[in-house]
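Worksheet: one structure, shown below.
The values are calculated or read from the model by the stated rules, or taken from the named source; none is laboratory data. These numbers were taken from a predicted model, which means no experiment stands behind them. So basically every Cβ, Gly included, is an ideal-geometry build from the backbone, and we count neighbours across all protein chains shown.
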Amino acid sequence: MKTDFSLEDITSELLDYVDKYLKTVISNTKRRYYRNKRRPHKYGIVFVELDKYAEDLHYDDPGLEQVLCQLIDVQGIKIPVLNPELADALRSLTETQRLVLLKNVVLNVPMKQIALELGVSIGMVEKHKNNAIRAIKRRMSVDEEK
């Protein structure tokens, strides 16, 4: 078995093969990572911010967001949602319900601050959030039955 390698031994076919192999490994690792992240948590809803985890994966694949997820806009902040049924369910909410739910659950904005921004009581903000969660659960269970 040959143990000494020189630069002349490396062909373009070998480089192409190694490149494709590494991209496949990285892609499969990403898929496995996001599949584990998508397992239901609190409220049975999982949100993944791809930009936040891209550094952990040490591989930047431009355009991957558009393939794997849909973006939901919350006051100028684009939140990627991997599950298409969840994205549809979020879009079916009223603007206030979607705003309250995403700001509190995804962006970790306190209920008190959301109430001040909307000019309503904290109880009303909680009601919007609970109604949004109920609507999403109802919509998601109907989609699963189809």
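Worth pointing out:
- If the condition is being at pLDDT 90 or above and touching a Phe, Trp or Tyr at 6+ places or on another chain (Cβ under 7 Å), then the stretch 83-109 contributes no residue at all.
- Set D143, D61: member being in a loop (DSSP other than H, G, I, E, B), among the acidic types (D, E) and at pLDDT below 85: D61
- Criterion violated by I122 - all others in (1) at pLDDT below 90; (2) surrounded by fewer than 20 Cβ atoms within 10 Å (Cβ to Cβ); (3) in contact with a Lys or Arg (Cβ under 9 Å, 6 or more places away or on another chain) satisfied: (1)
- Answer residue from the stretch 70-119, given it is of a type in the set (D, E, K, R) and in a helix (DSSP H, G or I) and is surrounded by the fewest Cβ atoms within 10 Å (Cβ to Cβ) among those: E95
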